[in-house]
Amino acid sequence: MKNILVSGGAGFIGSHLCTRLINEGHHVICLDNLFTGAEANIEHLKDNPLFEFVNHDVEFPYHTEDLDEIYNLACPASPIHYQYDAIKTIKTSVLGAINMLGLAKKTNAKILQASTSEIYGDPVVHPQVESYWGNVNPIGPRSCYDEGKRCAETLFMDYHRQNNIRIKIIRIFNTYGSRMLPNDGRVVSNFVVQALKNSDITIYGTGDQTRSFQYVDDLIEGMVRMMNTEDEFIGPVNLGNPNEFSILELAEKVIQLTGSKSKLVFKPLPHDDPKQRQPDITLAKEKLNWQPTIELEDGLRRIVEYFREYRYID
Ligand code: NAD
Ligand code: UDP
């Protein structure tokens, strides 16, 4: 049994990770300020003696003893939520990384950073390989997230080089699945909720921009495998599903799967919205023996069922 801390553990991805680690018999401390997370996401773990929830903001230091591993996920991830209080988002990424790295230093824990494909910005190299440095606007409305996450990667590398902290960096590509909140704002949950309500499906821009969508179960498998690699392998490593779709194609699939009467409506494209995104996962295949197994239609069926069943959509 390991002692594992998951920051952002009450969020969409974090709650799946906590569940997986508990099921493996580990003791899990879930640190979360519930900004975009929800107690409902961890309700099923609440009475488990292996699980501990601590309402804490990672902007401030957290002290505990005897940790084996830290997964650092705390940070709002949906554009509407991370732009709501941009300064807070940067503080969460940067101060959160410093505080979690400090805790790793004190406890000698291994620490994994949940970085993002957003560090590639609006990429001109396609598909994105880990050696690509990206095309990021440092002063736009997305910068609080993109640059915050880039700075966190820098901090991880510097703590590794200066203090020999054992680090792992993963770059997560668009992930969806159960426990996304209906008001999350990201494209898959928006479209599914809109389709189930037969309300307009909001396409930003022309809908020709692309994303590659990964189901959360695949991601969790990749994250745990990454944490368990030998200390010498620190990444960064892309974790995503390389099957790429335009946003219009996604909308059509959702309408087809739900049998919805929704119409498409076109809204302005948000500033600096990346035109294309697809992970090159050669490194993950080689080092983690990992690749996604759940394709978009199957994953969409699962999230449709989830919203039908649990989120009270009439
Ligand atoms: P989420 O918003 O559901 O989860 C983030 C969690 O962090 C929430 O529970 C939130 O309450 C918590 N949090 C936010 N600020 C905090 C703070 N200051 N202190 C403590 N807790 C705080 O989003 P998610 O999709 O589960 O993302 C989890 C992580 O994965 C994030 O770091 C995100 O950047 C990264 N990521 C996600 C995706 C994706 O497609 N879902 C893609 C790339 C990277
Ligand atoms: N998008 C959209 N309609 C929505 C929400 C998002 O067309 O209701 C688009 C958005 O402009 C972007 C893509 O879908 O091009 C993915 O957006 P999301 O916020 O899910 O993730 P990110 O832009 O961070 O990849």
Taking the range 74-108 and keeping only residues that are more than 8 Å from ligand 1 (Cβ to nearest atom), without any contact (Cβ under 8 Å) to a residue 60 or more places away in the chain and charged (D, E, K, R), one is left with 85, 106
The condition from (1) surrounded by fewer than 21 Cβ atoms within 10 Å (Cβ to Cβ); (2) assigned to a loop (DSSP other than H, G, I, E, B); (3) more than 10 Å from ligand 2 (Cβ to nearest atom) that residue 252 misses is numbered (2)
One residue is enough: does the range 124-145 have a residue meeting the conditions near ligand 1 (Cβ under 10 Å from one of its atoms) and in contact with a helix residue (DSSP H, G or I) (Cβ under 9 Å, 6 or more places away or on another chain)?
yes
Look at the range 241-284 and say how many of its residues are small (Gly, Ala, Ser) and within 16 Å of ligand 1 (Cβ to nearest atom).
1
Taking the range 155-213 and keeping residues in a loop (DSSP other than H, G, I, E, B), over 27 Å from residue 267 (Cα atoms) and either open to solvent by 30 Å² or more (accessible area, probe 1.4 Å) or within 15 Å of ligand 1 (Cβ to nearest atom) (or both) leaves 164, 166
Can residue 297 be described as open to solvent by 80 Å² or more (accessible area, probe 1.4 Å) and either touching a residue at least 40 places away in the same chain (Cβ under 8 Å) or within 30 Å of residue 19 (Cβ to Cβ) (or both)?
no
Might you let me know whether the range 119-136 holds any residue that is aromatic (Phe, Trp, Tyr), assigned to a loop (DSSP other than H, G, I, E, B), open to solvent by 50 Å² or more (accessible area, probe 1.4 Å) and away from ligand 2 (no atom under 16 Å from the Cβ)?
yes
Take the residues in the range 49-65 that are closer than 19 Å to residue 97 by Cβ and free of Cβ contacts under 8 Å to residues at least 40 places away in the same chain, then tell me which one is surrounded by the fewest Cβ atoms within 10 Å (Cβ to Cβ).
60
In the range 182-219, the residues that are away from ligand 2 (no atom under 11 Å from the Cβ) and more than 20 Å from residue 130 (Cβ to Cβ):
182, 183, 195, 196, 197, 198, 199, 215, 216, 217
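Residue-by-condition table, conditions (1) within 26 Å of residue 150 (Cβ to Cβ); (2) modelled with pLDDT under 95; (3) touching a Lys or Arg at 6+ places or on another chain (Cβ under 7 Å):
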position: 166; (1), (2), (3): yes, no, yes
position: 174; (1), (2), (3): yes, no, yes
position: 182; (1), (2), (3): no, yes, yes
position: 186; (1), (2), (3): yes, no, no
position: 194; (1), (2), (3): no, no, no
position: 198; (1), (2), (3): no, no, yes
position: 204; (1), (2), (3): yes, no, yes
position: 233; (1), (2), (3): yes, no, yes
position: 236; (1), (2), (3): yes, no, yes
With respect to residue 70, determine if the residue is within 16 Å of ligand 2 (Cβ to nearest atom), of a type in the set (A, V, I, L, M) and open to solvent by less than 10 Å² (accessible area, probe 1.4 Å).
no
Counting only residues that are closer than 15 Å to residue 44 by Cα and either more than 11 Å from ligand 1 (Cβ to nearest atom) or open to solvent by 10 Å² or more (accessible area, probe 1.4 Å) (or both), the range 1-10 contains a total of 0
Filter the range 81-118 down to the residues that are closer than 27 Å to residue 138 by Cβ and part of a loop (DSSP other than H, G, I, E, B), then identify the one that is nearest to ligand 2 (Cβ to nearest atom).
83
Can you say whether residue 19 is more than 25 Å from residue 91 (Cβ to Cβ) and either open to solvent by less than 60 Å² (accessible area, probe 1.4 Å) or within 15 Å of ligand 1 (Cβ to nearest atom) (or both), as far as the supplied structure shows?
yes
With open to solvent by 40 Å² or more (accessible area, probe 1.4 Å), in contact with a strand residue (DSSP E or B) (Cβ under 6 Å, 6 or more places away or on another chain) and assigned to a loop (DSSP other than H, G, I, E, B) as the only criterion, which of 283, 269 stands out?
269
Residue 68 vs (1) within 21 Å of the chain's Cα centre (by Cα); (2) more than 7 Å from ligand 1 (Cβ to nearest atom); (3) in contact (Cβ under 8 Å) with a residue 24 or more places away in the chain: all pass except (1)
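The values are calculated or read from the model by the stated rules, or taken from the named source; none is laboratory data. On a predicted model such as this, the values are computed, not experimentally measured, just so you know. All Cβ positions, even for glycine, are placed from backbone atoms using ideal geometry, and neighbour counts span all protein chains on display. Ligands, DNA and RNA are excluded from the accessible area calculation, which covers all protein heavy atoms including side chains. Shrake-Rupley method; radii C 1.70, N 1.55, O 1.52, S 1.80 Å.
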